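Each reported figure results from applying straightforward, stated rules to the coordinates on display, with no laboratory input. Worth saying up front: this structure is predicted, and the values here are computed from it rather than measured. Every residue, glycine as well, gets a Cβ built from its backbone with ideal geometry; the counts of neighbours run over all protein chains shown.
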Number of protein chains: 4
Amino acid sequence: MSFRPLDAPAVNHDTILHSLIADNLVSDPDSARGRLLREAARLFRDKGYERTTVRDLAAAVGIQSGSLFHHFRTKEEILKAVMVETIRLNTAVMQAAMEAADTNREKLRALISAELESINGQTGEAMAVLVFEWRSLSEPSQAEVLKLRDIYESLWLEVLTALKEEGALVADPFVVRRMLTGALSWTVTWYRPERGGLSQEGLTDQVMAMLGLSKADSR
Amino acid sequence: MSFRPLDAPAVNHDTILHSLIADNLVSDPDSARGRLLREAARLFRDKGYERTTVRDLAAAVGIQSGSLFHHFRTKEEILKAVMVETIRLNTAVMQAAMEAADTNREKLRALISAELESINGQTGEAMAVLVFEWRSLSEPSQAEVLKLRDIYESLWLEVLTALKEEGALVADPFVVRRMLTGALSWTVTWYRPERGGLSQEGLTDQVMAMLGLSKADSR
Amino acid sequence: MSFRPLDAPAVNHDTILHSLIADNLVSDPDSARGRLLREAARLFRDKGYERTTVRDLAAAVGIQSGSLFHHFRTKEEILKAVMVETIRLNTAVMQAAMEAADTNREKLRALISAELESINGQTGEAMAVLVFEWRSLSEPSQAEVLKLRDIYESLWLEVLTALKEEGALVADPFVVRRMLTGALSWTVTWYRPERGGLSQEGLTDQVMAMLGLSKADSR
Amino acid sequence: MSFRPLDAPAVNHDTILHSLIADNLVSDPDSARGRLLREAARLFRDKGYERTTVRDLAAAVGIQSGSLFHHFRTKEEILKAVMVETIRLNTAVMQAAMEAADTNREKLRALISAELESINGQTGEAMAVLVFEWRSLSEPSQAEVLKLRDIYESLWLEVLTALKEEGALVADPFVVRRMLTGALSWTVTWYRPERGGLSQEGLTDQVMAMLGLSKADSR
DNA sequence: GATGAATGAGTATTCATTCAT
DNA sequence: CATGAATGAATACTCATTCAT
């Protein structure tokens with residue numbers, strides 16, 4: 001049982017971010033590099049990686065296209081950085097969210113909620129890039145990013161496997177995780193929390209319910 | 001109640017296909033145009049639309065790049081044709097599958113099964129293109145294709161709404177359809193029926209179960 | 001003793017050229033490719049390989065820069081082709097000149113005369129490129145061209161070694177060949193036969209004399 | 001007749017160098033400028049002027065590329081300085097070598113020996129630059145450097161003309177000098193005195209012999 | 001219909017040079 | 001003097017599209 005106020009976030013997003021910046025694992029959003037990565041994520045999501053030119057990227061941060069290459073050696077390196085930093089940040093956020101939860105059911109709820117937040121919140125553009133621009137990454141870069149994804153995915157499998165062992169989950173943890181990946185990342189194409197309607201917590205509840213894991217669900 | 005043999009498909013895929021070919025709604029797979037669209041779907045899925053050159057497309061069907069333009073006015077028209085014909089075929093197939101089913105629950109099962117088949121079977125490459133290359137389509141073409149998707153989607157909503165009215169479904173039909181869209185299309189990235197393991201029917205069962213709609217489920 | 005008229009060339013340059021063209025070893029000078037290589041040789045000699053742009057090359061043959069790449073995959077391939085075809089042609093010409101001569105002394109004279117002709121005649125620009133743009137060739141291409149040069153050089157060493165064995169030559173054949181290479185290729189920077197003065201045959205005589213191998217020389 | 005020890009150099013290379021440094025005609029090799037010019041000569045010879053970047057140059061002397069421009073206004077000025085200082089130094093060395101010799105035959109021998117030393121010794125890299133990077137120099141700079149070369153060349157022509165008048169040389173002094181220029185500068189591509197074999201003095205002897213000017217040669 | 005050479009606008013990347021700190 | 005981020009013009013190369021044959 002924790003003593004934090006009920007409606008404060010279980011984990012401080014900013015604290016995590018600053019700790020990652022200090023360790024040079026993600027760029028400071030206020031630095032030239034950080035601003036570029038944010039604009040790149042937006043452009044890559046909106047137009048696609050191939051249709052975004054380095055001139056577009058440069059214009060978005062107000063520099064000349066040649067100057068980009070002081071920060072990144074190639075255009076692809078920008079794509080990779082968007083993906084790597086996004087995974088690093090979201091892995092850290094999820095880990096903290098999970099650790100703050102007491103039961104496995106609550107841990108899973110924290111993961112779902114955090115993933116919905118990562119997809120539909122600040123890092124949403126970058127998450128969409130991660131899903132839709134994967135093939136634009138060279139194979140060596142794909143391998144690098146996959147290693148980071150493995151860490152991220154192991155958080156999910158750990159919790160789902162525990163729930164399976166508890167008997168709370170009937171289906172195969174791997175299959176469930178994959179269905180969730182698809183269902184949750186697809187929300188980026190339709191879910192608009194800012195338009196009112198379903199809140200993010202409400203959506204999380206619906207997903208838990210679909211899995212037969214809502215609080216009231218005695219199944 | 002139908003009198004077809006138990007292991008024959010409820011609807012004859014080939015019959016539907018030939019009827020669509022006769023109406024000039026999809027290309028004969030043995031024609032030059034049909035072969036090109038099949039190869040285009042494969043290449044667009046494997047390399048992405050932008051990274052596939054018209055030379056690649058021409059080489060895949062054994063002609064010169066200039067000759068492509070006797071069949072299609074632009075490269076984008078090829079992408080559009082892949083999408084349009086795929087939706088037309090799958091809409092027809094699903095409509096038939098749905099009509100062959102008696103109850104709403106069976107209709108939904110037929111839709112899920114048919115969508116899994118379209119994603120992981122013969123039209124899988126084209127379905128992946130539909131999901132991942134959407135932004136490569138010009139806005140006017142997107143509008144055209146969207147009209148066709150609306151027909152396709154209305155099939156789903158019709159059944160889900162009926163189930164909701166029956167009380168068999170608790171969640172919002174729109175939300176459920178969208179979650180299903182994500183979960184099912186994502187199977188293209190991981191599900192390999194040919195490797196043994198989970199069969200397509202088994203997967204369909206799991207999805208029905210997740211929705212609390214399996215036969216034995218009295219909920 | 002041969003029966004050809006005294007002032008006809010011992011070997012027919014055009015016959016050799018056409019035979020090489022027929023074997024696809026050098027390009028027809030009237031073809032698009034042949035014209036490009038001739039202009040490339042001129043530009044590379046005048047401005048250097050690096051300072052010659054593909055736009056310069058294209059302009060010189062009256063096409064757009066993009067069209068160059070229908071004939072050659074890279075700019076470097078053009079440089080290589082200039083070198084390879086030049087060596088092939090000159091090797092064939094020298095072999096014929098040598099074979100038409102009776103004594104070793106006459107063979108050497110034929111080689112010197114032919115090399116002066118190749119440096120100061122039609123292929124002069126390409127020969128200058130061979131000397132001065134060597135480092136602009138990638139290492140793999142250098143290796144390819146070196147193999148061809150070895151054939152060319154072996155013609156010289158064969159004759160010089162025979163002269164050494166005859167006692168007509170005192171110095172080391174390798175050293176003599178290298179001094180000759182330098183002295184003869186340097187003529188490209190100063191020798192202008194068209195301005196009158198020393199004729200090419202006169203220059204050949206002077207070189208033979210320097211080697212103590214003039215006809216009258218009983219040494 | 002001179003009184004210096006038999007195996008001491010006829011002229012003191014260091015004395016000449018220091019006198020030129022004092023007059024600000026060449027840079028002190030230990031100064032920042034001198035070190036840069038030495039590295040530039042090496043890089044220009046190895047990679048060519050165009051393919052050597054100012055970053056390469058800066059890195060070779062351990063500074064940042066922007067700092068180069070405190071020493072030289074442009075990259076081309078570096079190339080010019082390499083050439084100018086090399087000619088100045090070698091002209092002074094040859095003049096001294098020539099003046100230390102008594103007969104014209106000995107003077108010529110001294111020139112050949114000194115040029116071989118300049119090509120294959122300490123200034124070899126810069127001499128190669130002088131030959132192979134000539135066209136990278138702008139025309140105004142070429143004119144400046146040509147004036148210095150004229151002084152250098154006049155030393156040779158003076159001696160060769162005297163030998164011609166003595167009857168010791170049959171061929172045209174201009175032709176002989178040009179053949180020698182080619183033959184001697186080409187040694188940079190093949191002659192490796194450090195590998196044993198032919199010594200520099202031995203090579204000088206061979207060249208004198210080729211000209212029919214060896215001591216024993218009574219011709 | 002098919003060809004394949006040509007187009008020309010577009011792309012990522014390079015690099016000498018500048019200049020505020 | 002030194003730095004290093006920024007510039008901006010230039011570069012080789014790509015590729016969908018055209019069209020005479």
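Mind checking which of D:Phe174, D:Ala162, D:Leu137 is farthest towards the positive end of segment D:115-219's charge dipole, using Cβ charges of +1 (Lys, Arg) and -1 (Asp, Glu) about the Cα centre?
It is D:Phe174.
Quick one: among D:Val159, D:Val54, D:Val93, which has the greatest mean-square fluctuation in a GNM of chain D with alpha-carbon springs under 10 angstrom?
Fluctuation is largest for D:Val54.
Find out how many positive minus negative residues lie around C:Tyr49, taking Lys and Arg as positive, Asp and Glu as negative, among other residues whose Cβ is under 15 Å from that of C:Tyr49.
+1
Shortest first and in nm to one decimal, what separations exist between A:Ala209 and its copies in the other chains, measuring from label points 7 Å along the Cα-to-beta-carbon line?
The answer, with the shortest distance listed first, is 2.2, 10.5, 11.0 nm.
Under the Karplus relation 6.51 cos²θ - 1.76 cosθ + 1.60, θ = phi - 60°, what is the ordered set of whole-Hz ³J(HN,Hα) values for segment B:35-52, x standing for Gly and Pro?
Listing the rounded values in order: 4, 4, 5, 5, 5, 4, 4, 4, 5, 4, 5, 5, 10, x, 4, 5, 7, 8 Hz.
Per residue of segment D:177-186, in order, report the coupling 6.51 cos²θ - 1.76 cosθ + 1.60 (Karplus, θ = phi - 60°) as ³J(HN,Hα) in whole Hz, putting x for Gly and Pro.
4, 5, 4, 5, 3, x, 4, 6, 5, 5
Which value, in debye to the nearest 20, describes the size of the charge dipole of segment C:125-219 about its Cα centre when Lys and Arg Cβ atoms bear +1, Asp and Glu Cβ atoms bear -1, and nothing else is charged? Walk me through the intermediate numbers first.
Values: 10 positive and 14 negative charges, 50 e Å.
So the dipole magnitude of segment C:125-219 works out to roughly 240 debye.
Name the residue, out of D:Ala101, D:Ala59, D:Ala110, whose mean-square fluctuation peaks in a Gaussian network model built on chain D with Cα pairs under 10 Å.
Comparing D:Ala101, D:Ala59, D:Ala110 in a Gaussian network model of chain D, the most mobile one is D:Ala59.
In the neighborhood of D:Asp23, defined by Cβ-to-Cβ distances under 13 Å, what is the net charge if each Lys or Arg adds +1 and each Asp or Glu adds -1?
-1
Can you classify the protein assembly as shown as rounded, prolate or oblate using the Cα gyration tensor, where a ≥ b ≥ c are the square roots of its eigenvalues, rounded means a/c under 1.5, and otherwise it's prolate if a/b beats b/c and oblate if not?
Note, shape of the protein assembly as shown comes out prolate.
Mean residue ellipticity at 222 nm from the helices of the protein assembly as shown, using -39,500 (n - 2.57) per DSSP H segment of n ≥ 4 over the full residue count, to the nearest 500 deg cm²/dmol?
Values: 37 runs with 557 residues, N = 876.
Using -39500 (n - 2.57) per qualifying helix, the result is -21000 deg cm²/dmol.
So what J values fall out for segment A:123-140 if you push phi through Karplus, 6.51 cos²θ - 1.76 cosθ + 1.60 with θ = phi - 60°, rounded to Hz, Gly and Pro as x?
Karplus values, whole Hz, x for Gly and Pro: 8, x, 4, 5, 5, 4, 4, 4, 7, 8, 10, 3, 6, 7, 7, 5, 4, x.
Check B:Arg51: other-chain or 5+ apart residues with amide H under 5 Å from its amide H, H built from backbone geometry?
none
From the Cα gyration tensor of segment D:84-219, with a ≥ b ≥ c the square roots of its eigenvalues, which class applies: rounded if a/c is under 1.5, or else prolate if a/b is larger than b/c, or else oblate?
Note, shape of segment D:84-219 comes out oblate.
Among the lysines, which have Cα under 26 Å from the Cα of A:Lys107 when same-chain residues fewer than 8 positions away are ignored?
Filter leaves A:Lys147, A:Lys164, A:Lys215.
Which single residue of chain C puts its beta carbon nearest to the axis of rotation relating C to A, and what distance, in whole Å, does that give?
Checking which Cβ lies nearest the axis yields C:Thr74, 10.
Considering only the other residues whose Cβ falls under 13 Å of the Cβ of C:Gln200, what net charge follows from Lys and Arg at +1 and Asp and Glu at -1?
Value of the local net charge: -2.
For label points placed 7 Å from Cα toward Cβ, what is the shortest-first list of nm distances from B:Ser154 to its copies?
Between copies, matching label points for B:Ser154 lie 5.1, 8.1, 9.9 nm apart.
Just to be sure I understand: with springs between alpha-carbon atoms less than 10 Å apart, which residue in D:Thr91, D:Thr161, D:Thr15 has the highest mean-square fluctuation in the Gaussian network model of chain D?
Looking only at D:Thr91, D:Thr161, D:Thr15, the largest GNM fluctuation is found for D:Thr15.
Can you list, shortest first and in nm, the gaps between the label point of D:Ala22 and those of its counterparts in the other copies, using a point 7 Å from Cα in the C-beta direction?
Those separations, rounded to one decimal, come out as 6.4, 7.4, 11.0 nm.
With point charges of +1 on the Cβ of Lys and Arg and -1 on the Cβ of Asp and Glu, referenced to the Cα centre of the protein assembly as shown, which listed residue (C:Val84, B:Tyr49, C:Met208) lies farthest in the positive direction of the dipole?
B:Tyr49
Restricting to Cα pairs below 8 Å that are 6+ residues apart, what does the relative contact order work out to for chain C? Please round to a whole percent.
On the way: 192 pairs, mean separation 43.6, N = 219.
Dividing the mean separation by the residue count of chain C yields 20 percent.
What are the trypsin sites (Lys or Arg not before Pro) within segment B:9-71 that DSSP puts in a loop, where the Cβ has at most 16 other Cβ atoms within 10 Å?
Qualifying residues, ordered by number: B:Arg51.
Among B:Tyr152, B:Thr187, B:His70, whose Cα projects farthest towards the positive end of the dipole of segment B:13-210, with charges put on the beta-carbon of Lys, Arg (+1) and Asp, Glu (-1)?
B:His70
Let me know the charge dipole size of the protein assembly as shown about its Cα centre in debye, to the nearest 20, where only the beta-carbon of Lys, Arg (+1) and Asp, Glu (-1) is charged. If you can, show how the numbers build up before the last one.
On the way: 104 positive and 124 negative charges, 117 e Å.
Magnitude of the dipole: close to 560 debye.
Explain nothing, just the number: dipole magnitude of chain D about its Cα centre with +1 on each Lys and Arg Cβ and -1 on each Asp and Glu Cβ, in debye rounded to the nearest 20.
So the magnitude is around 540 debye.
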